[in-house]
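The values are calculated or read from the model by the stated rules, or taken from the named source; none is laboratory data. These figures come from a predicted structure and were not determined experimentally. When we count neighbours, we look across all protein chains shown, and the Cβ atoms used for this are built from the backbone with ideal geometry, even at glycine.
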């Protein structure tokens with residue numbers, strides 16, 4: 001049994017939804033279909049989710065919402081019409097939206113969630129109707145009845161494992177199940193949405209709970225590539241990679257698949273396939289627990305800019321038990337999460353994503369470090385990039401670090417930081433932002449261009 | 001004005017003490033002489049400090065101490081005799097020791113400190129007497145009158161800055177000042193000793209307080225070498241290095257100069273010279289604040305075995321604010337200090353000196369990590385070595401990491417960990433202990449053997 005999820009561009013229009021139906025019907029194992037809200041049909045288009053956010057903001061400001069409401073309804077109506085269906089579904093969607101708009105606004109975040117979730121929810125209903133319309137056995141299942149239980153506020157939204165028993169029963173329902181992505185219900189029936197891109201999470205949760213043989217994630221690219229295609233021309237496609245490799249690449253800037261969405265599949269060892277709705281015959285990328293790393297030691301190279309380094313130096317730091325912990329505690333108390341903490345004998349660097357470090361926080365943290373830890377020096381540097389080399393072969397192959405460092409040296413760039421832990425699948429180089437592109441190109445040549453590969 | 005300190009082997013016999021006198025008198029700037037207790041005269045010999053520990057242990061066990069007492073006294077008596085002096089000083093030393101032995105034993109650590117300090121204290125008195133005996137103006141100054149104030153128990157012993165005003169006046173005393181190393185007095189007059197090798201600390205504190213032009217540290221080697229002479233045949237001598245470089249090398253296994261002893265000199269920018277009592281004309285090694293790193297980017301290579309890695313892996317670790325802090329806190333609460341904490345996205349490795357991690361502690365820490373942090377995996381690995389490449393040029397020179405990693409790759413060894421922070425003067429490679437020697441040799445060739453040096 002296969003759980004397949006279709007992203008926003010895959011369900012943006014009638015034409016796209018017909019492709020979805022073709023894909024689903026072409027393999028009888030495809031049983032559960034998780035859908036996003038209609039996305040962009042062309043690059044200047046607006047996603048339904050963004051229309052809904054606009055609508056919710058108007059409502060929260062107690063302004064007239066008729067225009068914004070109509071924008072959403074008409075978007076669905078035109079899709080239904082293009083699919084050859086009558087206006088019933090659009091009328092139902094309008095009623096549903098008016099119902100949501102009339103709800104209590106006291107908790108603005110929950111109100112917003114309720115409206116945002118309407119995109120996926122109504123799209124699932126519409127697509128289920130379309131399956132029925134063309135004569136297939138299919139049904140919409142709500143996350144409430146389906147069992148997608150999520151945690152209460154103020155906790156960060158996450159799926160509760162007690163929902164799994166109910167979700168597992170989706171397998172036994174007759175016909176195609178169309179399930180909306182992106183949101184779940186708390187125990188008391190309140191809607192909460194996942195992060196953006198959260199339909200990937202829904203699909204993964206259901207694939208894990210139903211113990212699917214495969215979780216297919218349909219999007220608009222043929223596969224995951226070994227490097228960013230906007231920097232490297234025609235990078236090689238990745239046929240197969242491990243969860244850990246995908247996670248490292250996603251984290252370091254690959255946006256194909258949502259980070260957090262891998263967890264449920266990973267925990268139950270469900271293989272994940274990234275496929276293209278517009279080219280379903282392309283092999284795609286398969287994400288699995290293990291692969292033969294001898295075939296390809298390095299699977300991809302990611303680069304991510306926008307890091308800040310806070311370097312703290314104190315003579316005999318290592319003799320002060322608790323120094324590192326107290327330093328990290330300052331970041332925790334200021335609610336700043338950090339990426340790496342490479343250390344020397346007398347120094348520790350904290351590497352942070354600059355966008356998570358507002359200027360006033362940076363100043364406050366530096367002041368606190370000075371006051372509470374009495375260091376010899378605190379140096380803040382901006383505009384760092386992290387270049388991440390990812391591959392399961394990393395920890396077993398002699399000379400990979402040498403090849404990577406030599407490739408970087410060939411560009412004339414300096415390496416400010418290197419981080420490689422034991423048992424790791426990645427090697428991280430901290431470099432100046434201005435050197436990022438040329439380093440990425442040279443590393444790609446070193447590890448992926450045949451004529452260059454040497455050892 | 002020069003403060004010079006003579007280590008244990010430099011004052012182990014009459015012959016050695018005559019060399020000390022020759023050195024001191026050959027430069028009129030040499031004013032303050034800090035001395036250790038008599039050390040080993042030959043490799044099977046016993047240091048006076050060890051004789052004193054034996055004596056203290058007997059006394060603490062309330063056993064007869066006459067034999068052990070006599071061992072210490074006779075050691076001093078024979079030196080004085082060989083110097084041509086009469087028995088007065090040895091008799092005084094015996095009285096002093098009997099007086100110390102009779103003190104209150106309630107606090108065994110302080111009792112031990114009192115007896116251990118007798119080695120340096122009496123040696124300083126004897127050497128001052130010898131200066132006078134040969135007709136020079138000289139005096140013994142006690143750390144109590146001199147102003148070497150230290151912190152009270154239970155705090156770790158450290159010098160208190162309020163003593164500096166008094167210590168600064170040592171400059172103005174007439175003649176040569178002979179000052180015992182290794183111990184100071186608390187505000188209420190109690191003796192406390194520094195760590196072993198603590199005479200280096202005394203010399204450094206006095207050099208800083210008196211704002212000496214130079215702090216000479218006389219020992220039994222011509223200089224600091226670029227690598228361990230027991231592994232690398234005739235390694236090159238280091239003429240000049242920075243405090244930071246010395247600190248990194250000392251920490252990573254170079255035993256020439258006591259780590260902690262650099263601090264006072266470093267804070268006041270007093271140059272430190274490492275010289276050989278047995279070959280005072282050799283240039284030695286000069287430790288300064290800054291050097292021209294273009295002349296030599298890498299100054300030395302150290303290797304230190306006996307590390308344990310505790311690797312902790314948890315999916316989406318980075319989303320849990322406080323994960324790193326809570327992990328480090330477990331180590332802090334168990335009073336285990338760690339060396340490095342290299343991190344991946346979903347994992348953090350804690351690198352510890354194995355000798356600081358008793359087996360039961362290791363087990364307890366692993367259990368606590370499992371229980372308190374619910375990780376996906378905790379893997380403990382022993383027998384790691386850290387290879388440390390040290391040099392001020394490290395952070396400014398392109399390609400050094402590549403050269404080092406390539407040299408390691410040539411040995412066929414795998415690199416388990418790499419740690420290089422920004423603004424650092426060292427590059428740390430974690431490798432298997434069995435590969436340590438061959439890596440050290442290959443790195444030495446790469447960076448120090450002319451015909452091999454390439455870029």
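How about the stretch A:285-294: which of its residues are in contact with a strand residue (DSSP E or B) (Cβ under 8 Å, 6 or more places away or on another chain), within 14 Å of chain B (Cβ to nearest Cβ) and not in a strand (DSSP E or B)? Of everything in the stretch A:285-294, just one residue is in contact with a strand residue (DSSP E or B) (Cβ under 8 Å, 6 or more places away or on another chain), within 14 Å of chain B (Cβ to nearest Cβ) and not in a strand (DSSP E or B), namely A:289. Of the residues making up the stretch B:314-330, those that are in a helix (DSSP H, G or I) and either at the interface with chain A (Cβ under 8 Å from one of its Cβ atoms) or closer than 30 Å to residue B:229 by Cα (or both) number 6. Mind listing whichever residues of the stretch B:268-284 are part of a strand (DSSP E or B) and closer than 26 Å to residue B:168 by Cα? Across the stretch B:268-284, the qualifying residues are B:272, B:273, B:274, B:275. The set of residues in the stretch A:377-404 being within 7 Å of chain B (Cβ to nearest Cβ) and either in a strand (DSSP E or B) or within 20 Å of residue A:228 (Cα to Cα) (or both) consists of A:379, A:381.
Looking at A:97, A:110, A:149, A:166, which one is touching a residue at least 12 places away in the same chain (Cβ under 8 Å), surrounded by 14 or more Cβ atoms within 10 Å (Cβ to Cβ) and closer than 18 Å to residue A:74 by Cβ?
Numbers: A:110 fails: closer than 18 Å to residue A:74 by Cβ; A:149 fails: closer than 18 Å to residue A:74 by Cβ; A:166 fails: closer than 18 Å to residue A:74 by Cβ.
Step by step, each of A:97, A:110, A:149, A:166 is checked, and only A:97 is touching a residue at least 12 places away in the same chain (Cβ under 8 Å), surrounded by 14 or more Cβ atoms within 10 Å (Cβ to Cβ) and closer than 18 Å to residue A:74 by Cβ.
Restricting attention to the stretch B:405-434, the residues that are more than 7 Å from every other protein chain (Cβ to nearest Cβ), out of contact with any strand residue (DSSP E or B) (no Cβ under 6 Å at 6 or more places or on another chain) and surrounded by fewer than 20 Cβ atoms within 10 Å (Cβ to Cβ) add up to 4.
Selection within the stretch B:331-361: residues that are within 9 Å of chain A (Cβ to nearest Cβ), farther than 23 Å from residue A:251 by Cα and not in a strand (DSSP E or B). The member of this set that is modelled with the highest pLDDT is B:331.
Just to be sure before I move on: is residue B:271 in contact (Cβ under 8 Å) with a residue 60 or more places away in the chain and out of contact with any helix residue (DSSP H, G or I) (no Cβ under 7 Å at 6 or more places or on another chain) in the structure I sent? No, not satisfied. Going through (1) more than 10 Å from chain B (Cβ to nearest Cβ); (2) under 19 Å from residue B:326 (Cβ atoms); (3) surrounded by fewer than 21 Cβ atoms within 10 Å (Cβ to Cβ) one by one, residue A:371 falls short only on (2). The residues listed here are B:149, B:167; of these, the one that is closer than 30 Å to residue B:57 by Cα and modelled with pLDDT of 95 or more is B:149.
Looking only at the stretch A:1-53, residues that are buried (at least 16 other Cβ atoms within 10 Å of the Cβ), part of a loop (DSSP other than H, G, I, E, B) and in contact with a strand residue (DSSP E or B) (Cβ under 8 Å, 6 or more places away or on another chain) come to 2 in all.
Yes/no matrix, rows are residues, columns are (1) modelled with pLDDT of 95 or more; (2) closer than 23 Å to residue A:442 by Cβ:
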{"position": "A:277", "(1), (2)": "yes, no"}
{"position": "A:282", "(1), (2)": "no, no"}
{"position": "A:291", "(1), (2)": "no, no"}
{"position": "A:296", "(1), (2)": "no, yes"}
{"position": "A:305", "(1), (2)": "no, yes"}
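Within the stretch A:295-313, the set of residues being part of a loop (DSSP other than H, G, I, E, B) and surrounded by fewer than 24 Cβ atoms within 10 Å (Cβ to Cβ) comprises A:295, A:296, A:297.
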